[in-house]
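Worksheet for the structure shown next.
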Amino acid sequence: MKKSKAKIMLDNLTKNQILQHKKEKDFYIEYDGGYFIINRNGKIIAVDGIEFAETVVKHHDTKNWQIVESPFTKRHSLLSIIL
């Protein structure tokens with residue numbers, strides 16, 4: 001089965017990168033090594049697996065997303081609880 005572009009981008013995401021919406025810069029997805037953290041407007045809106053993250057990326061049109069280096073010097077406090 002062929003992987004979607006959204007799934008390929010998510011599979012290649014590292015802990016030092018985010019998948020950011022090109023037009024809505026405060027809408028991005030982080031990967032902590034186990035879960036995808038979906039952030040929008042300064043709030044975590046979901047913590048889930050790759051299937052849900054792929055659905056979000058596809059829903060907001062895959063071509064509107066880009067992988068960029070993470071601008072964060074430290075991780076969310078939520079991640080320290082999960083890990």
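The values are calculated or read from the model by the stated rules, or taken from the named source; none is laboratory data. Quick caveat, the model's predicted, so the values are computed rather than measured. Virtual Cβ from ideal backbone geometry, glycine too; neighbours counted across all protein chains shown.
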> Only one residue in ILE8, ILE67, ILE37 is of a type in the set (Val, Ile, Thr), surrounded by fewer than 17 Cβ atoms within 10 Å (Cβ to Cβ), in a strand (DSSP E or B) and modelled with pLDDT of 95 or more. Which one?
Replying inline: ILE67
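Could you please let me know if LYS2 is assigned to a loop (DSSP other than H, G, I, E, B) and free of Cβ contacts under 8 Å to residues at least 60 places away in the same chain? Give the derivation first.
On the way: assigned to a loop (DSSP other than H, G, I, E, B): yes; free of Cβ contacts under 8 Å to residues at least 60 places away in the same chain: yes.
Answer is yes for this residue.
Tally the residues that are part of a strand (DSSP E or B) and either free of Cβ contacts under 8 Å to residues at least 40 places away in the same chain or among the β-branched types (Val, Ile, Thr) (or both), restricting the search to region 11-27.
As a first pass, look at region 11-27 and keep what is part of a strand (DSSP E or B): 17-21, 27.
Next cut, either free of Cβ contacts under 8 Å to residues at least 40 places away in the same chain or among the β-branched types (Val, Ile, Thr) (or both) only: 18, 27.
Summing the residues that are part of a strand (DSSP E or B) and either free of Cβ contacts under 8 Å to residues at least 40 places away in the same chain or among the β-branched types (Val, Ile, Thr) (or both) in region 11-27 gives 2.
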